[in-house]
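Structure record follows, encoded as structure tokens.
The values are calculated or read from the model by the stated rules, or taken from the named source; none is laboratory data. All values reported here derive from a predicted model rather than from experimental measurement. Glycine gets a Cβ as well: all are built from the backbone with ideal geometry, and neighbour counts include every protein chain shown. Calculation scope for accessible area: heavy atoms of the full protein, side chains included, ligands and nucleic acids excluded. Shrake-Rupley method; radii C 1.70, N 1.55, O 1.52, S 1.80 Å.
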Amino acid sequence: VLDTKPADSTAIDELAVLKNIAFCYNELGDFDSEISVEERILNIQQRQNASNNAIEKTLQNLSAIHVQKKDYIKAVRCNEEILRRAEADGNYLSVTQANNNLGYIYHLLQQPGLSAEYFDKSYRLVTEKEVRLNDDDRANILINLGVVNVNMGNLAEAKTFFLKAYDIRTTQNDPIKIAQSLNYLATYDYLQNELDKSASQTEKAISLLISAPPGDLRESTAADSYKIMAQIMLKKNDLQSFRKYNDLFTKQQDQIIQKERRRNKQLVDRQLEAERTKNEIRILLAEQEKTKFKILQADLEQQKKEQELQLKTSELQMLKKNNELQAEKYKNKDLETQRISQMLELEKQRSNSLEQQQKIALLQKQQEVQQLQLEKQNKEVAQLERDKKQNREIRNYNLLISALLFLLLLIALNLYFYRNRKNRILTGQNATISRMNQEISVQNEELMSMNDKLNEQTEELHQQNDRLLEAQEIIHEQHEKLISHSKNLEEEVERRTHEIRNTNAKLVKSNTQMEQFTYAISHNLRAPIARLLGLINIIQYANEQERKFILDKIKESSFDLDGVIKDLSMILDSKYQVKEINEPIDLNAKLEKTKLILDKIIDESHAQIDSDFSRGHILYANNSYIESIFYNLLSNALKYRSPERACIIKISTEIRGDLFILSFSDNGLGIDLKKYGDKVFGLYKRFNLEIEGKGLGLYLVKAHAQAMGGEAHIESAPDQGTTFKIILPIKKIKTEEVQPQIAHQQS
């Protein structure tokens with residue numbers, strides 16, 4: 001309706017209609033169409049010079065949609081425009097919300113510095129300008145600041161913000177939000193190694209969630225609580241409780257995953273329904289085409305009948321004109337006949353008058369004859385002759401008149417028969433015209449019936465067109481969703497494929513290592529077991545003195561076997577220990593602890609150990625793994641020192657981008673990497689048999705580094721020393737590792 005631009009445009013509130021359309025697209029998840037509508041709303045508002053408050057609301061909607069689409073740069077631009085307008089108006093509420101949104105977006109962009117800056121601006125506006133925010137928004141800002149400070153290592157400030165958020169949440173009487181705040185406080189206490197306090201707060205959160213109404217937020221918060229408790233119990237070495245809470249966490253995660261699968265199934269069902277609807281619409285379109293063809297045929301038939309009707313009408317008009325001409329002719333003929341009849345009547349009257357005159361004349365002559373008989377007897381003969389002659393003439397004259405009368409009678413009879421024949425012809429023509437009128441009337445009734453049917457078919461066609469338009473809109477929406485879902489599926493398939501390839505590569509590598517491990521273990525176990533079996537076989541034949549010697553040898557072989565089994569346990573621990581528990585490690589303290597363990601060999605060798613941790617002394621990693629790396633590399637440098645020079649060991653750190661590099665350098669004997677480079681980190685590999693060792697330390701160093709997502713490298717040359725570099729990814733305390741996964745909130 002908006003695109004057709006109706007004449008009475010004042011009757012439509014265009015902005016209200018567009019906002020309803022944007023809401024519908026949001027409910028359908030069609031974010032591209034929603035962005036298009038919101039941008040159209042923004043253009044109209046700018047064209048109409050709308051208030052900054054209205055424009056800011058539209059920009060906030062656009063920002064939220066861009067965040068959902070992970071188009072963070074556009075979301076930043078929207079909030080910067082909100083800041084510009086709100087600061088010009090002195091609208092501190094909008095400035096606060098925009099700063100909070102920018103802090104959230106920069107957190108998603110993994111820029112903690114900018115994220116903390118904008119969150120801090122938002123909080124200062126709330127406190128200094130006394131911006132009126134509801135309790136939920138205030139708590140969200142405090143939680144955002146707490147999470148950012150945790151990620152930046154400012155734990156004391158983080159606790160302050162978490163406590164303030166908790167105080168606000170306790171006034172809301174919302175058990176889920178209170179449980180979320182307790183999870184954050186429990187996480188902080190966990191990082192401070194206050195495990196009992198952390199466990200108490202987590203248990204309180206779990207008890208609150210039991211009475212909370214069900215929903216996605218409750219389930220995710222409960223999963224976070226169970227995960228924190230599992231990590232606390234693991235750190236306290238309470239394996240039974242760890243298994244309990246880990247099972248609860250796994251069960252909760254499975255429920256969340258199942259719910260997500262059901263949603264995905266519903267989406268697939270909707271896609272299938274859309275396909276079925278699409279097929280139905282295709283069928284309807286085909287039927288519509290058939291209906292259009294039938295209507296076209298009916299139109300042609302109607303046109304043909306209309307043409308025939310026009311021809312018959314024109315013929316009827318011609319017949320009417322001919323009838324009128326014939327009637328005019330008949331009228332003229334009637335007049336002629338009347339004129340002839342009048343002439344005949346006049347002639348008859350004239351003949352009657354002549355006959356009377358002749359009779360009168362004859363009587364007069366008879367009287368004259370009777371009078372003259374006496375007077376003129378002598379002239380009788382002559383008079384008789386004259387009378388005969390006169391009678392002969394009269395008789396001839398009468399015959400002529402009779403002939404004329406007979407001729408007139410014949411003419412009148414002919415006229416009478418001609419008129420009767422014309423009347424019969426006119427009667428037949430009138431019957432034909434009447435029959436044609438009846439046929440035209442019947443055809444008119446048929447045409448009216450056909451028109452009624454055509455009207456019904458046209459109305460049905462309009463209804464079908466309406467249904468088709470609705471179906472086409474549904475198909476378009478479903479098509480957009482299918483495209484979006486197809487893209488997501490392609491990305492998910494690509495990501496899963498990449499994960500599977502990496503997993504396969506890791507499995508191949510692990511299988512290779514396990515084969516080597518199995519071979520080495522079987523080789524190392526074979527010798528002490530073979531010695532034990534041999535000693536047991538000969539002890540029955542030995543005397544008392546020999547038995548004492550054999551028992552000493554059995555004890556020695558047992559110790560060797562126990563050492564191999566301990567090595568096996570250590571290797572298995574390095575492979576299957578929980579690897580993802582990261583915590584801040586002070587490398588200076590870790591080095592001092594390792595020196596205390598190796599103080600005897602350090603004193604004996606008079607080794608000089610120099611450390612430079614100025615480029616980074618705090619490392620987020622697995623504490624036990626780092627201890628093992630320090631111990632093995634430091635002891636390795638001390639054992640393989642050169643007897644020709646004083647032992648100097650240098651330990652340093654370096655940060656390159658997202659990598660943390662820990663270096664151990666010595667000036668010892670060195671290794672020929674061309675000869676042994678591919679075996680340095682192998683299991684039970686030794687290259688100097690004069691020095692005591694098992695060939696296990698460097699294997700554990702590399703295994704621990706890989707378990708933390710890093711790698712171990714060696715640089716060495718014979719009699720020039722060795723440098724080991726442990727390269728690890730920089731890890732900060734992430735919410736998914738040591739605290740509940742609760743996203744930053746937008747105002």
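Across region 207-249, the qualifying residues are those that are among the aliphatic types (A, V, I, L, M) and under 23 Å from Glu260 (Cβ atoms), and the one among them that is surrounded by the fewest Cβ atoms within 10 Å (Cβ to Cβ) is Leu217.
Of all residues being among the acidic types (Asp, Glu) and assigned to a helix (DSSP H, G or I) in region 236-254, which is modelled with the lowest pLDDT? Just the residue, please.
Quick first cut of region 236-254, residues among the acidic types (Asp, Glu) only: 238, 247, 254.
So of that shortlist, the ones also assigned to a helix (DSSP H, G or I) come out as 247, 254.
On the way: Asp247: 88, Asp254: 84.
Ranking the qualifying residues of region 236-254, first place goes to Asp254.
When you go through Gln201, Gln231, Gln192 one by one, which is the residue that is at pLDDT 85 or above, closer than 14 Å to Phe162 by Cβ and of a type outside the set (Lys, Arg)? Give the derivation first.
On the way: Gln231 fails: closer than 14 Å to Phe162 by Cβ; Gln192 fails: at pLDDT 85 or above.
The unique qualifying residue is Gln201.
Just checking, how many residues over region 147-157 are hydrophobic (A, V, I, L, M, F, W, C) and crowded, with 19+ Cβ neighbours inside 10 Å?
Of all residues in region 147-157, those hydrophobic (A, V, I, L, M, F, W, C) come to 147-148, 150, 152, 155-156.
If we keep only those that are crowded, with 19+ Cβ neighbours inside 10 Å as well, we get 147-148, 150.
Here the count works out to 3.
Answer yes or no: is there a residue in region 612-625 that is crowded, with 17+ Cβ neighbours inside 10 Å, in contact (Cβ under 8 Å) with a residue 24 or more places away in the chain, of a type in the set (S, T, N, Q) and not in a strand (DSSP E or B). Yes, there is a match, as at least one residue in region 612-625 is crowded, with 17+ Cβ neighbours inside 10 Å, in contact (Cβ under 8 Å) with a residue 24 or more places away in the chain, of a type in the set (S, T, N, Q) and not in a strand (DSSP E or B). Here is the figure for region 631-648: residues that are among the hydrophobic types (A, V, I, L, M, F, W, C) and over 14 Å from Leu598 (Cβ atoms) total 2.
Taking the numbered list (1) part of a helix (DSSP H, G or I); (2) at pLDDT below 70; (3) open to solvent by 100 Å² or more (accessible area, probe 1.4 Å) in turn, Glu289 passes all entries but (2). Looking at this structure, is Asn279 among the polar types (S, T, N, Q) and surrounded by fewer than 12 Cβ atoms within 10 Å (Cβ to Cβ)? For Asn279, the condition - among the polar types (S, T, N, Q) and surrounded by fewer than 12 Cβ atoms within 10 Å (Cβ to Cβ) - is met.
Do you know which residues across region 392-401 are open to solvent by 70 Å² or more (accessible area, probe 1.4 Å) and modelled with pLDDT under 70?
Across region 392-401, the qualifying residue is only Tyr397.
All of (1) at negative phi; (2) open to solvent by 60 Å² or more (accessible area, probe 1.4 Å) hold for Gly113 with one exception: (2). Taking the conditions (1) open to solvent by 70 Å² or more (accessible area, probe 1.4 Å); (2) at pLDDT 70 or above; (3) in contact with a helix residue (DSSP H, G or I) (Cβ under 9 Å, 6 or more places away or on another chain) in turn, Arg419 satisfies each one other than (2).
For Ala527, the test of being modelled with pLDDT of 85 or more and in a helix (DSSP H, G or I) is failed.
The single condition among (1) open to solvent by 30 Å² or more (accessible area, probe 1.4 Å); (2) of a type in the set (Lys, Arg); (3) within 22 Å of Asp224 (Cβ to Cβ) that Arg124 does not meet is (3).
State yes or no: is Tyr104 closer than 16 Å to Tyr118 by Cβ, within 28 Å of the chain's Cα centre (by Cα) and touching a residue at least 40 places away in the same chain (Cβ under 8 Å)? Judged against the criteria, Tyr104 is a match. Here are some conditions: (1) modelled with pLDDT under 90; (2) under 24 Å from the mean Cα position of the chain (by Cα). Arg84 meets all but one. Which one does it not meet? With respect to (1) modelled with pLDDT under 90; (2) under 24 Å from the mean Cα position of the chain (by Cα), Arg84 is out only on (2).
I'd like to know if region 101-109 contains one or more residues that are farther than 23 Å from Asn61 by Cα and open to solvent by less than 60 Å² (accessible area, probe 1.4 Å). No, there is no match, as no residue in region 101-109 is farther than 23 Å from Asn61 by Cα and open to solvent by less than 60 Å² (accessible area, probe 1.4 Å).
Counting just the residues of region 32-52 that are over 26 Å from Lys481 (Cβ atoms) and in contact (Cβ under 8 Å) with a residue 24 or more places away in the chain, which one comes out surrounded by the fewest Cβ atoms within 10 Å (Cβ to Cβ)? Top of the filtered list is Ile44.
For the residues Lys506, Lys548, the requirement of being at pLDDT below 75 and part of a helix (DSSP H, G or I) singles out Lys506. Entry remark, region 678-708: residues being modelled with pLDDT of 85 or more and either open to solvent by 30 Å² or more (accessible area, probe 1.4 Å) or assigned to a strand (DSSP E or B) (or both) number 2 in total. Restricting to region 53-72, and then to whatever is under 18 Å from the mean Cα position of the chain (by Cα) and farther than 14 Å from Lys19 by Cβ, can you tell me which residue is most open to solvent (accessible area, probe 1.4 Å)? Filtering first and then ranking leaves Lys70. Across region 551-582, which residue is modelled with the highest pLDDT among those that are outside any loop (DSSP other than H, G, I, E, B) and of a type in the set (Val, Ile, Thr)? So the residue we want is Ile554.
Within region 631-653, restricting attention to residues that are hydroxyl-bearing (Ser, Thr, Tyr) and in a helix (DSSP H, G or I), which residue is most open to solvent (accessible area, probe 1.4 Å)?
Keep residues of region 631-653 that are hydroxyl-bearing (Ser, Thr, Tyr), which gives 631, 635, 640, 642, 652-653.
If we keep only those that are in a helix (DSSP H, G or I) too, we end up with 631, 635.
Numbers: Tyr631: 96, Ser635: 17 Å².
Filtering first and then ranking leaves Tyr631.
Can you tell me which residue among Thr187, Thr160, Thr171 is touching a residue at least 24 places away in the same chain (Cβ under 8 Å) and surrounded by fewer than 16 Cβ atoms within 10 Å (Cβ to Cβ)? Sole residue among the options that is touching a residue at least 24 places away in the same chain (Cβ under 8 Å) and surrounded by fewer than 16 Cβ atoms within 10 Å (Cβ to Cβ): Thr171.
Going by what's in this entry, would Lys675 be described as modelled with pLDDT of 90 or more, more than 24 Å from Asn151 (Cα to Cα), basic (Lys, Arg) and open to solvent by 60 Å² or more (accessible area, probe 1.4 Å)? Taking the combined requirement at face value, the residue does not satisfy it.
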